[in-house]
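Just below is one structure, and these are the notes that go with it.
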Amino acid sequence: NASDPSGAGGMAGDVATIAAMGAHGLPVVTSIVMRDTAEVFDHHAIDADVIAEQARGILEDVTIAAWKVGFLGSTEGVSAVAEILSDYPDVPLVAYMPNLSWVEDDEQQSYLDAFRELVLPQTEVLVGSHQTLTDFLLPDWDNERPASPRELAVAAGEHGTRYVLVTSVPLPDQ
């Protein structure tokens, strides 16, 4: 995941969450996010070879029980991480899809395409906000009503993902 200096998410959030569940996180930094507590301004991706070297070094030393991936920094980072994940097909993967509206359109689309093709088929649980997952999984959604969490789960399932945790689901008008 990304190093997030605000502590709102990214590596800091992962380590805190994993520790709160009584486990020990082994963080591999995929990018450095430039942000304050309100918004992301930019990011600097870590070279894909460096990501792989970080991961391979710890994986040669420790047996892991699960994976959790977040923002992987770049299309090349997605590819490097997906290759490592494929070497451990029996280790369950939780993948988080963040809102990437701050990433330039061409780079964002390339990243999402790579994530969809390389990471989703290996994902046990996909996590993300309703709007982010709708944009990612159902980009052509033009129905007046929002996609249901079930429709998002079906779309993720078409890519091989078994479960979906949808946050920020809009409530129906009353």
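The table that follows gives values for the structure above.
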| item | result |
| --- | --- |
| Those strands (runs of 3 or more DSSP E) lying entirely in the stretch 73-170 with at least 1 residues farther than 19 Å from residue 11 by Cα and hydroxyl-bearing (Ser, Thr, Tyr) | 163-167 |
| Matching entry among 164, 125, 154 (being among the hydrophobic types (A, V, I, L, M, F, W, C), open to solvent by 50 Å² or more (accessible area, probe 1.4 Å) and at pLDDT 95 or above) | 154 |
| Count of the stretch 8-33 residues which are at pLDDT below 95, surrounded by 14 or more Cβ atoms within 10 Å (Cβ to Cβ) and of a type in the set (S, T, N, Q) | 0 |
| Selection from the stretch 34-52 of residues that are open to solvent by 30 Å² or more (accessible area, probe 1.4 Å), within 21 Å of residue 119 (Cα to Cα) and either out of contact with any Ser or Thr (no Cβ under 7 Å at 6 or more places or on another chain) or of a type in the set (D, E, K, R) (or both) | 47, 49, 50 |
| Qualifying residue in the stretch 1-17 (condition: under 22 Å from residue 122 (Cβ atoms), part of a loop (DSSP other than H, G, I, E, B), out of contact with any Lys or Arg (no Cβ under 6 Å at 6 or more places or on another chain) and among the hydrophobic types (A, V, I, L, M, F, W, C)) | no |
| Tally of residues being of a type in the set (D, E, K, R) and in contact with a helix residue (DSSP H, G or I) (Cβ under 9 Å, 6 or more places away or on another chain) across the stretch 38-82 | 5 |
| Positions within the stretch 50-72 being without any contact (Cβ under 8 Å) to a residue 60 or more places away in the chain, under 16 Å from residue 15 (Cβ atoms) and in a loop (DSSP other than H, G, I, E, B), in sequence order | 62, 64, 65, 66 |
| Among (1) touching a residue at least 12 places away in the same chain (Cβ under 8 Å); (2) more than 15 Å from the chain's Cα centre (by Cα) - the single one residue 79 does not satisfy | (2) |
| Residues within the stretch 12-34 that are touching a Gly at 6+ places or on another chain (Cβ under 8 Å), under 11 Å from residue 68 (Cβ atoms) and touching a residue at least 24 places away in the same chain (Cβ under 8 Å), tallied | 2 |
| For residue 98: the one exception among (1) open to solvent by 40 Å² or more (accessible area, probe 1.4 Å); (2) within 13 Å of the chain's Cα centre (by Cα) | (1) |
| Single match in 86, 3 (criterion: of a type in the set (Ser, Thr, Tyr), surrounded by fewer than 20 Cβ atoms within 10 Å (Cβ to Cβ) and out of contact with any Ser or Thr (no Cβ under 8 Å at 6 or more places or on another chain)) | 86 |
| Hits in the stretch 63-83 (condition: surrounded by fewer than 23 Cβ atoms within 10 Å (Cβ to Cβ) and not charged (D, E, K, R)) | 63, 64, 65, 66, 67, 70, 75, 79, 82 |
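The values are calculated or read from the model by the stated rules, or taken from the named source; none is laboratory data. Predicted, not measured: the structure shown is a model, and the values here were computed from it. Please note: Cβ atoms are built from the backbone with ideal geometry, for glycine as well, and neighbour counts cover all protein chains shown. All accessible areas refer to the heavy atoms of the entire protein, side chains included, with ligands and DNA or RNA removed. Shrake-Rupley method; radii C 1.70, N 1.55, O 1.52, S 1.80 Å.
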